[in-house]
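**Student:** The structure under discussion is supplied below as structure tokens; questions concerning it will follow.
The values are calculated or read from the model by the stated rules, or taken from the named source; none is laboratory data. Remember, it's a predicted structure, so these values are computed and weren't measured experimentally. Virtual Cβ from ideal backbone geometry, glycine too; neighbours counted across all protein chains shown.
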Amino acid sequence: MTVRQPTPGAQFSGFLSRFPPGTIALVKRCLPKLRRAFPGSCQLVYDYSNSLVVAFGMSDRGYEAIVALAIFPRRVLLYFDKSLPDPKGLLEGSGTKVRSVALQSASELDHGDIHALLKAAKKHSGVAFPRTGSVRMIIKSESKKGRPGRSARA
């Protein structure tokens with residue numbers, strides 16, 4: 001008798017269910033917009049003890065992602081490559097590879113400064129995206145226990 005593995009979508013729903021309802025609602029409104037912004041991309045899901053990260057790129061290698069949505073209990077951040085030009089100074093953080101902007105609503109992805117950052121990230125990546133195409137979800141990691149040295153306050 002073979003045991004059926006849950007689909008990546010079902011696994012993701014399970015991971016997401018541990019977050020507060022407001023965070024879940026925001027993520028569920030943001031993800032379709034990001035899928036439309038990056039058609040034909042791979043959606044890589046990383047499950048950590050206190051967060052989920054959903055990275056969008058054209059390969060299954062996370063370090064090649066163009067943007068990533070980091071989901072924490074009390075906030076949702078959109079990460080961009082640190083080398084992306086940020087003329088309005090929206091990106092926060094001093095990471096060596098990425099910087100982020102906090103999302104308050106999904107509509108920020110459709111217009112305004114964050115939408116402009118998404119367009120710039122797409123162009124900056126140098127990737128030619130198809131006009132349409134389904135996004136393939138890949139579960140890259142599943143945490144069995146917390147990572148040492150990490151705080152759950154994010």
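**Student:** So, in segment 1-50, how many residues would count as being part of a loop (DSSP other than H, G, I, E, B) and touching a strand residue (DSSP E or B) at 6+ places or on another chain (Cβ under 6 Å)? First the steps, then the outcome.
**Tutor:** In the first step, residues of segment 1-50 are kept if they are part of a loop (DSSP other than H, G, I, E, B); the result is 1-7, 17-20, 38-41, 48-50.
Now narrow it down to the ones that are touching a strand residue (DSSP E or B) at 6+ places or on another chain (Cβ under 6 Å): 38, 41.
Number of matching residues: 2.
**Student:** Here's something else I'd like to know. Take segment 94-144 and flag every residue that is part of a loop (DSSP other than H, G, I, E, B) and surrounded by 14 or more Cβ atoms within 10 Å (Cβ to Cβ).
**Tutor:** First pass over segment 94-144, keeping only residues part of a loop (DSSP other than H, G, I, E, B): 94-97, 104-105, 110-111, 126-135, 142-144.
Passing the criteria: V127, F129, V135, S143.
**Student:** In this structure, does A37 turn out to be surrounded by 19 or more Cβ atoms within 10 Å (Cβ to Cβ), at pLDDT below 95 and either touching a Ser or Thr at 6+ places or on another chain (Cβ under 6 Å) or of a type outside the set (S, T, Y) (or both)? Spell out how you get there, then give the answer.
**Tutor:** On the way: surrounded by 19 or more Cβ atoms within 10 Å (Cβ to Cβ): yes; at pLDDT below 95: yes; either touching a Ser or Thr at 6+ places or on another chain (Cβ under 6 Å) or of a type outside the set (S, T, Y) (or both): yes.
For A37, the condition - surrounded by 19 or more Cβ atoms within 10 Å (Cβ to Cβ), at pLDDT below 95 and either touching a Ser or Thr at 6+ places or on another chain (Cβ under 6 Å) or of a type outside the set (S, T, Y) (or both) - is met.
**Student:** Here is a follow-up. Taking F72, is it of a type outside the set (V, I, T), in contact with a helix residue (DSSP H, G or I) (Cβ under 7 Å, 6 or more places away or on another chain), in contact (Cβ under 8 Å) with a residue 24 or more places away in the chain and surrounded by 12 or more Cβ atoms within 10 Å (Cβ to Cβ)?
**Tutor:** It is false that F72 is of a type outside the set (V, I, T), in contact with a helix residue (DSSP H, G or I) (Cβ under 7 Å, 6 or more places away or on another chain), in contact (Cβ under 8 Å) with a residue 24 or more places away in the chain and surrounded by 12 or more Cβ atoms within 10 Å (Cβ to Cβ).
**Student:** Are any residues in segment 101-110 within 14 Å of K88 (Cβ to Cβ) and either touching a Pro at 6+ places or on another chain (Cβ under 8 Å) or of a type outside the set (D, E) (or both), and if so, which ones?
**Tutor:** Taking segment 101-110 and keeping what is within 14 Å of K88 (Cβ to Cβ), we get 101, 108.
Hit for segment 101-110 is V101, nothing else.
**Student:** Looking at segment 111-154 only, could you name the residues that are in contact with a strand residue (DSSP E or B) (Cβ under 8 Å, 6 or more places away or on another chain) and at pLDDT below 85?
**Tutor:** Hits for segment 111-154 are S141, E142, S143.
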